[in-house]
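Student: Have a look at this one before I ask anything.
Just so you know, all these numbers are worked out from the coordinates, no wet-lab data involved. Since this is a predicted model, take the numbers as computed values, not measurements. Ideal geometry is used to build each Cβ from the backbone, glycine not excepted, and the neighbour counts take in all protein chains shown.
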Amino acid sequence: MAKSLLLICRQSPWAGPPAREALDIALAGGAFELPLALLFLDDGVFQLVADQNPSALEQKDLQANLRALPLFGVDQLYVCQRSLAERGLNADSLVLPAHPLDEAGLRALIAEHDQSVTL
Amino acid sequence: MKFAIALFAPPQAPSSRRALRFAEAVLAGGHEIVRLFFYQDAVQHASAALVCAQDETDIAAQWIRFIQDNQLDSVVCIAAALRRGVLDAGEAQRHGGRPAVVEQPQWALSGLGQLHEAAQLADRLICFGGP
């Protein structure tokens, strides 16, 4: 059986290539139909905020990549409840249906995956 | 035990040195490295254009010797490498005759599927240099 991978995304969408490159790992894994999940943690939760205007920064829209995740079979999406709260964000207003997790939930999620990559 | 090692930081970063010492310890302990995967700023490891000051430890050069001596499978993510100007002769030609900086033959510019394949083949995926 294929090993499961948890990808922990901690980068804000505007900080240069890292956020996009982390998502690319997920998209590549999805293309190979590998079991993988995404956790948005720390500034990574900003990737899920609606109504962003990347063109003001002359950047490409990262959310096009995010929306592609389900098409690549990546539908296990999680978000750190505390990271949201610290940034005044609400799990109900995110662009993707990411499941909010408390500290115990984060521990369980990490424990149940064979491998993890944090970017 | 089989290890896959992923590195995300450039050779100047402390995590590059830690990754190298870890990789050396893996082999010294009788284990196997199925693949080294260089992603994000770690693609700079493949650049022959890096110059280290004479009074500093040249970790990039140590990586190259380590990889050559042990004949390790060393993959550089091609998309991350192109974005950072780390081109081999083939890519340099493909992109309008830009300068090539990947000279040693041990580096393979390839896709992220190689990271996933290595993770599947290995008992442990060990990452260095994330945020």
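Student: With 10 angstrom as the radius, rank A:LYS3, A:LYS60 by how many other C-beta atoms surround their C-beta, starting from the fewest.
Tutor: So the residues, fewest neighbours to most, are A:LYS60, A:LYS3.
Student: Thinking of the range A:17-95 as a set of Cα atoms, what percent of all their pairs are more than 15 Å apart?
Tutor: Result: 57 percent of Cα pairs exceed 15 Å.
Student: Given the rule -39500 (n - 2.57) for each run of at least 4 DSSP H residues, summed and divided by the residues of the protein assembly as shown, what is its mean residue ellipticity at 222 nm, to the nearest 500 deg cm²/dmol?
Tutor: -10000 deg cm²/dmol
Student: Sort largest first and round to whole Å: the equivalent ellipsoid semi-axes of the range B:13-91, each the square root of five times a Cα gyration tensor eigenvalue.
Tutor: With the √(5λ) rule applied to the range B:13-91, the semi-axes are 21, 17, 11 Å.
Student: Can you pull out the GluC sites (Glu not before Pro) in the range B:9-116 that DSSP calls coil and that have at most 13 other Cβ atoms within 10 Å?
Tutor: Filter output for the range B:9-116: B:GLU56, B:GLU103.
Student: Now for a separate question. Simple spin-label model, 7 Å along Cα-to-Cβ: B:GLN68 to B:ALA92 in nm?
Tutor: Calculated label separation equals 1.8 nm.
Student: Be a star and scan the range A:51-85 for residues whose amide nitrogen sits under 20 Å from the point 7 Å along the Cα-to-Cβ vector of A:ASP102.
Tutor: Taking a point 7 Å out along Cα→Cβ of A:ASP102, the residues of the range A:51-85 whose backbone N falls under 20 Å are A:78-85.
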